[in-house]
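Below: one structure, written as structure tokens.
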């Protein structure tokens, strides 16, 4: 007499019958699931690549122009007049040409003198060039001491309207953010390593 006291054989037979009675998934459903998963994965990868490209282009544009300056004046240290900035402007881009528009003098983002829209208007910054530019003396009101000049931030504006990170590095340059420092440091390291950034 064949008997399974634990009913193991019977349980296995029931499991097999249940598996055979369940309808198998349609191949179309499986194909749609795979297609949807592939589409979502491709979309995420494409969005990542586009975002990376946009970030790299922003990084390059934000770090193309490097501006340094010092203050020049006529007369002596005790009674200076015709106080004006003298710029060292570098275009580190290999392909972009920029045109200067104006110079602004600010303290805590507030103008302290008239913007100079004549001295630098139209100065062309060709790729890979360095320009030494001396602008007209600060006016309306003119600076009467070096202390005024040293406490003032000098901003350069491009003809495309861009001013972001175009503050000159020099006396009076009080605010330089960590992100700005890091971006220019990274750009310098890449260029020193002869790694093309464009």
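Here are 58, 121: which of them is surrounded by fewer than 17 Cβ atoms within 10 Å (Cβ to Cβ) and either more than 23 Å from the chain's Cα centre (by Cα) or touching a residue at least 12 places away in the same chain (Cβ under 8 Å) (or both)?
121
For region 57-83, which residues satisfy the criterion of being outside any strand (DSSP E or B) and modelled with pLDDT of 85 or more?
76, 77, 78, 79
What residue, of 132, 143, is more than 19 Å from residue 108 (Cα to Cα) and either at pLDDT 85 or above or touching a strand residue (DSSP E or B) at 6+ places or on another chain (Cβ under 6 Å) (or both)?
Going through 132, 143 in turn, just one is more than 19 Å from residue 108 (Cα to Cα) and either at pLDDT 85 or above or touching a strand residue (DSSP E or B) at 6+ places or on another chain (Cβ under 6 Å) (or both): 132.
Does residue 44 qualify as being touching a strand residue (DSSP E or B) at 6+ places or on another chain (Cβ under 9 Å) and either more than 21 Å from residue 162 (Cβ to Cβ) or modelled with pLDDT of 90 or more (or both)?
The answer is no for residue 44.
Output the number of the condition that residue 90 fails; it satisfies all remaining conditions of (1) assigned by TED's automatic domain parsing to the domain that holds residue 149; (2) under 25 Å from the mean Cα position of the chain (by Cα); (3) modelled with pLDDT of 90 or more.
Looking at each condition in turn, residue 90 falls short on (3).
Filter region 67-100 down to residues that are surrounded by 16 or more Cβ atoms within 10 Å (Cβ to Cβ), more than 25 Å from residue 181 (Cβ to Cβ) and in contact (Cβ under 8 Å) with a residue 60 or more places away in the chain, then give me how many there are.
3
So, in region 93-111, exactly how many residues are out of contact with any helix residue (DSSP H, G or I) (no Cβ under 8 Å at 6 or more places or on another chain), assigned to a loop (DSSP other than H, G, I, E, B) and either modelled with pLDDT under 90 or not assigned by TED's automatic domain parsing to the domain that holds residue 157 (or both)?
Residues that pass the stated criteria total 4.
The values are calculated or read from the model by the stated rules, or taken from the named source; none is laboratory data. From a predicted model like this one, the values you see are computed outputs, not experimental measurements. Cβ coordinates were reconstructed from backbone atoms using ideal geometry, including for glycine residues, and neighbour counts include every protein chain displayed.
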